[in-house]
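Below is one structure, written out as structure tokens; the observations come after it.
The values are calculated or read from the model by the stated rules, or taken from the named source; none is laboratory data. This structure is a prediction, so every number in the text was calculated from the model and none was measured. Quick reminder, even Gly has a Cβ in these numbers, built from the backbone with ideal geometry, and neighbours come from all protein chains shown. The accessibility values were calculated without ligands, DNA or RNA, using every heavy atom of the protein model including side chains. Shrake-Rupley method; radii C 1.70, N 1.55, O 1.52, S 1.80 Å.
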Amino acid sequence: MLFFVMGSTGIAEAMEIMLLAVVSSSIRCEWHLQSWQVALVTTMVFFGYMIFSIVLGLLADRYGRLKILVISFMWGAFFSLLTSFSPSYVWFVFLRCMVGCGVSGHAQGLIIKTEFLPRKFRGYMLPLSMLFWLAGSLLIIGLGSVTIPTLGWRWLIRFASIPGIILITVFKFIPESARFNVSVGNHQAATDTLQRIAKINRSKMPEGKINEPISERTGSFCDLLHPKYIRTSLQIWVIWLGISFAYYGVILASSELLARNLLCGTGNKAEEEVLQEAKTPCYCHMLSPSDYQTMIISTAGEIALNPFNILFINLLGRRWTLGITMTTTGIFFLLLNICMSRTGLIAILFCLRALVSANFNTIYIYTAEVYPTVMRAIGMGTSGSICRIGAMAAPFIAQVLLSASIIGALCLFAIVCFICAISAFTLPIETKGRALQQVK
């Protein structure tokens, strides 16, 4: 129940985030937007995410993970529906920013799942949660290929809000984190939760009482900079920023390379002519069925490395796995500079999506494990906030700089990946086989 309900938060989040790559061509045509205006939409979504991620993390450590999760879903679904009625570009940007504020609270689903899972299963169950993100990504691309040519992008946004609305009603089947209740001294609530779980599983509660120290206060941002965690926090933030930059860079660059036909040796126009046309406000090129097909294939790549990712996480540990996949990601970004056919491009994009997904997978697990319960939500929230800085920068590199210099944009993505790899290899704490810490 925990795996499917909390895992499904990834479906809702993926649909709201991936929506931007699918509708960018449509809004560009409807409102005659330039490249920087299209990029600004994505940037403002992640700006809202960045601001609220820390705030909701603090509130979750104080008032509970489940409450914040429900509120964030209600907020996100409400503003997502409003976005479909946007009368202008300005309203569209503002409302999507509000959606980003709500989506920032979806990470509490992962935290609840992490705090219930025993350590011997975390290395297997948490990576499998990426199946839900993949399902959401494929669903929004598939819906886009059918909905946009017939009903338009507004109906696609309405359909994208449905999973979030459904989940709001399903959350009542999942209890508040027992670890959270223990951390705030509510031992009875934690005991009731464990008894409920035992009853569902037709099991029996162990004898005795919960005996855990009560934290004097909830976590704060200053705790992340405590001498015990400061190096870990700083290196994690560098990695989160770089992974997000690379992940959304791949997604947005894929749609740009396809929509503008920037493939070596294909298309009817010379590359310079296509780039010059892309700089004009009237540039309009809707995604074709083959473009959607390519996006689906490259997105499916996100699951390709999952079995190996699970194996490496449990054998090599979180640090080495992340360092290796980040290094390989940088190499594949450099390979995109080579002249290739559409088939070659699809193959490279497939591998890149597999790698960037594995990176996100590993850093999510590591961050949730490395911080104690009293500061886990603020640790995840702050990391998610830093992560959005990379996501905010990605559109201007993948959509704007790419128009001016393909080599410059791709090399920049590669350099950031190599920096993250160095940071991953040198992380001071390995969480493989480590029990979750309850107090600082």
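Listed values, structure above:
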{"read-out": "Matching helices (runs of 4 or more DSSP H) fully within the stretch 159-207 where at least 1 residues are under 25 Å from the mean Cα position of the chain (by Cα)", "value": "162-170, 178-183"}
{"read-out": "Residue match in the stretch 148-163 (condition: buried (at least 20 other Cβ atoms within 10 Å of the Cβ), of a type in the set (Val, Ile, Thr) and out of contact with any strand residue (DSSP E or B) (no Cβ under 6 Å at 6 or more places or on another chain))", "value": "yes"}
{"read-out": "Members of the stretch 346-405 found to be over 22 Å from Gln437 (Cα atoms), small (Gly, Ala, Ser) and in a helix (DSSP H, G or I), listed by number", "value": "Ala347, Ala354, Ser357, Ala358, Ser385, Gly390, Ala391, Ala393, Ala394, Ala398, Ser403, Ala404"}
{"read-out": "Given (1) open to solvent by 60 Å² or more (accessible area, probe 1.4 Å); (2) in contact with an Asp or Glu (Cβ under 7 Å, 6 or more places away or on another chain), number of the condition Ser203 does not satisfy", "value": "(2)"}
{"read-out": "Only one of Thr382, Thr362, Thr367 that is at pLDDT below 85, open to solvent by less than 10 Å² (accessible area, probe 1.4 Å) and in contact with a helix residue (DSSP H, G or I) (Cβ under 6 Å, 6 or more places away or on another chain)", "value": "Thr382"}
{"read-out": "Positions within the stretch 315-346 being under 22 Å from the mean Cα position of the chain (by Cα) and closer than 16 Å to Tyr366 by Cβ, in sequence order", "value": "Gly317, Arg318, Arg319, Trp320, Thr321, Leu322, Gly323, Ile324, Thr325, Met326"}
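Results for (1) under 30 Å from Phe180 (Cβ atoms); (2) open to solvent by 30 Å² or more (accessible area, probe 1.4 Å); (3) not in a helix (DSSP H, G or I), shown as yes or no for each residue.
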{"residue": "Arg28", "(1), (2), (3)": "no, no, no"}
{"residue": "Gln37", "(1), (2), (3)": "no, yes, no"}
{"residue": "Thr43", "(1), (2), (3)": "no, no, no"}
{"residue": "Met50", "(1), (2), (3)": "yes, yes, no"}
{"residue": "Val55", "(1), (2), (3)": "yes, yes, no"}
{"residue": "Leu58", "(1), (2), (3)": "yes, yes, no"}
{"residue": "Lys67", "(1), (2), (3)": "yes, yes, no"}
{"residue": "Val70", "(1), (2), (3)": "yes, yes, no"}
